[in-house]
1. Filtering the stretch B:101-125 down to residues that are within 16 Å of ligand 2 (Cβ to nearest atom) and among the small types (Gly, Ala, Ser), which residue is nearest to residue A:56 (Cα to Cα)?
2. If you go through the stretch A:56-93 one residue at a time, how many are over 20 Å from residue B:140 (Cα atoms), in contact with a strand residue (DSSP E or B) (Cβ under 9 Å, 6 or more places away or on another chain) and facing chain B (nearest Cβ under 9 Å)?
3. Evaluate the following for residue B:211: is it under 24 Å from residue B:80 (Cβ atoms), more than 12 Å from ligand 1 (Cβ to nearest atom), out of contact with any strand residue (DSSP E or B) (no Cβ under 6 Å at 6 or more places or on another chain) and among the β-branched types (Val, Ile, Thr)?
4. Checking the structure you have, find out if any residue of the stretch B:139-160 is over 16 Å from residue B:206 (Cα atoms), of a type in the set (D, E, K, R) and part of a loop (DSSP other than H, G, I, E, B).
5. Just checking, how many residues over the stretch B:145-172 are under 16 Å from residue B:123 (Cβ atoms), more than 14 Å from the chain's Cα centre (by Cα) and more than 8 Å from ligand 1 (Cβ to nearest atom)?
6. Can you pull out the residues in the stretch A:218-256 that are within 22 Å of residue A:176 (Cα to Cα) and of a type in the set (Lys, Arg)?
7. Return the total of residues in the stretch B:35-45 being more than 16 Å from ligand 1 (Cβ to nearest atom) and within 12 Å of another protein chain (Cβ to nearest Cβ).
8. Do the conditions hold for residue B:172, that is, is it within 16 Å of ligand 3 (Cβ to nearest atom), in a loop (DSSP other than H, G, I, E, B) and hydrophobic (A, V, I, L, M, F, W, C)?
Amino acid sequence: MFEQLEGSRAVAKTVARCRPAVIAAYPISPQTHIVEALSDFVRTGELPGCEYLMVESEFGAMSACIGASGVGARTYTATASQGLLFMAEALFNASGLGLPIVMTVANRAIGSPINIWNDQSDSMSQRDAGWVQLFATSNQEAVDLHVQAFVLAERLSLPVMVCMDGFVLTHAVEAVDLPEQAQIDAFLPPFAPRQHLDSRDPITIGSMVGPEAFTEVRYLMHDQQLAALDELPRISQDFESVFGRDTGGLVRPYRTEDADVIVVALGSVLGGVNEVVDALREDGVAAGSLGITCFRPWPAEAVRAAIGPARQVVVVERAFAPGVGAIVGQDVRHALRSAPGDGPAVYDVVAGLGGRPVTRASLRGLLDDVVAERLDPHELHFLDLDHELLERAGTPWRRTS
Amino acid sequence: MTDLKLYQVGTFAAGNRLVDLELRSVQAHADRANSITSGHRACQGCGEALGARYVLDAAMRAAGGDVVVANATGCLEVFSTPYPESSWQVAWLHSLFGNAPAVAAGMAAGLRALGRETRVVGQGGDGGTVDIGFGCLSGMFERNDDVLYVCYDNQGYMNTGVQRSGATPPAARTANTAPLGPEPGNAFGQGKSAPLIAMAHEIPYVATATVADLRDLERKVEKAMSIRGARYLHVLVPCPLGWAAASSDTIRLARLATESGIFPVFEAEYGEVTAATPIRRPVPVDEYLRLQGRFAHLFGKHARPDLVARIQAAADRNIVRFGLVEAEPRTGS
Ligand SMILES: Cc1ncc(C[n+]2csc(CCOP(=O)(O)OP(=O)(O)O)c2C)c(N)n1
Ligand code: SF4
Ligand SMILES: [Mg+2]
């Protein structure tokens with residue numbers, strides 16, 4: 001049923017319908033509306049049988065999730081930014097233990113300087129934490145991905161992060177088709193943990209592993225991650241047959257079939273990107289876009305297939321690795337390493353940091369420069385970089401444009 | 001024989017066999033639970049291994065075997081689970097160094113949501129408890145989560161090679177508090193009494209114990225298990241390696257720590273002390289300190305009686321504060 005809802009509330013309602021047994025969360029903008037709504041649902045009985053733990057920190061939140069999941073309870077939390085970093089040690093632990101915790105990350109910049117606005121530096125910083133990372137382009141997709149996240153997590157015994165852009169999505173009110181309780185119940189079976197603590201059959205979880213087996217344990221974890229590349233498309237197909245919505249699976253190609261130039265991006269920026277793609281097409285430029293829904297594990301094959309014979313690839317990312325450059329761009333190059341010939345020129349563009357809007361005009365300007373080959377594919381580019389501000393700060397800017 | 005107390009480690013020791021069956025320690029029974037079984041890698045005379053065995057066996061007994069355990073990183077975790085082996089005969093999970101109280105709280109929440117009656121024990125060393133895990137511990141107390149949390153206090157980060165913790169006593173030598181300078185060893189500070197801080201949360205039950213009085217330890221675990229909500233048990237567990245003491249002195253050291261007043265043994269409910277174990281034979285701290293290499297620099301050639309006096313003053317303060325020495329000496333037994 002379509003409802004006019006704030007993104008956070010839509011996600012909270014959907015998560016509640018996934019019937020988590022334990023929620024442990026700590027407030028941080030822009031995640032707050034999600035967990036506030038959930039704590040209300042627990043108090044009013046709208047979410048029956050759920051324990052909501054108001055923990056003392058995000059580290060405590062993830063740790064409580066580890067304990068709850070360890071005894072076999074379906075477990076959920078949400079965070080952002082500094083909170084995600086505060087969880088970092090426990091994130092690696094949850095994935096190492098193979099606990100199917102589902103978490104929303106309301107993507108937000110990381111300080112210093114402190115900034116509450118949207119970019120994706122937070123989840124990107126935990127890229128190697130062993131969590132599946134799914135990125136939503138809209139609130140509808142955020143809702144739909146949460147339902148699939150529980151299925152994926154529990155089938156593979158892996159923790160899953162659903163990333164949605166802070167404020168841009170979490171605080172945006174739009175019409176969302178909320179999955180009905182009965183539909184979700186049919187789609188998401190009750191949690192049957194692969195292994196859990198049970199006093200009647202006591203097992204040891206989290207033992208100390210030395211050099212003789214550590215590599216193998218980590219290898220299995222990698223293997224488990226890769227299994228998600230097969231599982232997610234299956235789940236999204238099943239989802240489409242039940243809910244009637246195509247959520248794309250691993251990637252979302254848009255007008256890529258015959259494209260010369262393809263923009264790769266994650267999250268809400270894709271809406272604007274696709275409008276620019278349409279405008280370029282109208283002007284006779286064969287443009288397309290590729291949204292990455294599943295960032296971890298990295299769907300290299302799907303990315304390579306979607307990019308096909310395109311000549312130029314522009315990776316627009318809302319995060320970067322200081323001192324190196326692109327994060328997603330490197331993964332795109334990795335996906336293209338076995339492409340025939342020299343492969344396309346890959347442009348790394350950092351955009352929309354700390355809440356700076358990524359406007360259609362800027363994107364159009366960027367793509368015009370790319371198509372006209374005015375941009376150097378060997379450099380890291382910052383969209384809308386304010387050179388005047390840099391000059392006033394007395395720092396000469398180099399190697400950027 | 002009701003008032004009789006025998007100091008024994010509780011296995012099949014001769015002393016134990018002299019007591020009535022119901023007064024004997026759990027460990028004296030052939031059908032004991034043995035939650036942590038033999039074969040682990042603890043040092044000889046490890047107080048922590050002994051304490052953990054008694055605590056968990058008593059908890060298992062009180063809960064009819066229906067217990068799950070969250071364990072912090074530290075000696076106890078490392079010596080008990082060298083993959084692919086495990087000493088644990090209880091459902092047990094190790095997550096991180098600083099999160100055992102939160103993991104335990106999550107377990108309790110999960111079990112409640114699933115409608116299971118299973119009881120939860122969280123445990124860790126003094127470092128995992130009073131230092132890095134303190135935020136999680138305080139949160140667990142404040143929410144009154146249904147968890148028995150046990151700190152095995154060996155007064156230092158033993159697992160990483162004996163560095164100081166917030167529970168290391170003044171003047172003690174550790175790997176990073178060398179006997180150098182005018183105040184050799186660990187600095188004299190205000191101390192950090194986790195039991196008193198636990199009491200300040202007004203949780204239903206707080207108790208201290210040592211491995212010198214295992215019956216008392218078992219009784220306190222039993223009592224803690226009869227209560228719901230957040231409970232805290234702080235157990236002094238001498239560490240022969242970290243204290244540079246003889247393996248055979250573990251029990252003696254724990255006893256001297258209580259009899260000198262250095263480690264007060266008491267119980268508290270909802271923030272009020274309800275009982276303190278009186279010192280039967282008060283001893284000067286000297287007797288306790290001299291058995292430990294970590295205090296060797298206070299004695300011998302460059303003896304520091306002034307520092308020993310400061311330690312004595314702290315012990316005397318405990319004796320007064322907790323009323324450990326009765327005005328009228330008890331007669332008979
Ligand atoms: C976050 C983190 N910091 C540091 C360590 C290293 N470390 C492991 S155990 C330990 C000390 C344990 O001390 P304690 O809790 O007192 O237990 P003990 O070994 O003395 O029984 C330290 C510092 C770690 N594992 N994790
Ligand atoms: S170092 Fe101390 S605490 Fe660790 S195993 Fe040895 S005696 Fe036990
Ligand atoms: Mg210690």
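The values are calculated or read from the model by the stated rules, or taken from the named source; none is laboratory data. Predicted, not measured: the structure shown is a model, and the values here were computed from it. As a convention, Cβ positions derive from the backbone with ideal geometry for all residues, glycine included, and neighbour counts pool all protein chains shown.
1. B:124
2. Counting residues in the stretch A:56-93 that are over 20 Å from residue B:140 (Cα atoms), in contact with a strand residue (DSSP E or B) (Cβ under 9 Å, 6 or more places away or on another chain) and facing chain B (nearest Cβ under 9 Å) gives 1.
3. Here the answer is yes, as residue B:211 does meet what is asked.
4. Checked the stretch B:139-160: no residue is over 16 Å from residue B:206 (Cα atoms), of a type in the set (D, E, K, R) and part of a loop (DSSP other than H, G, I, E, B).
5. 3
6. Result: A:245, A:252.
7. The number of residues fulfilling the criteria is 2.
8. yes
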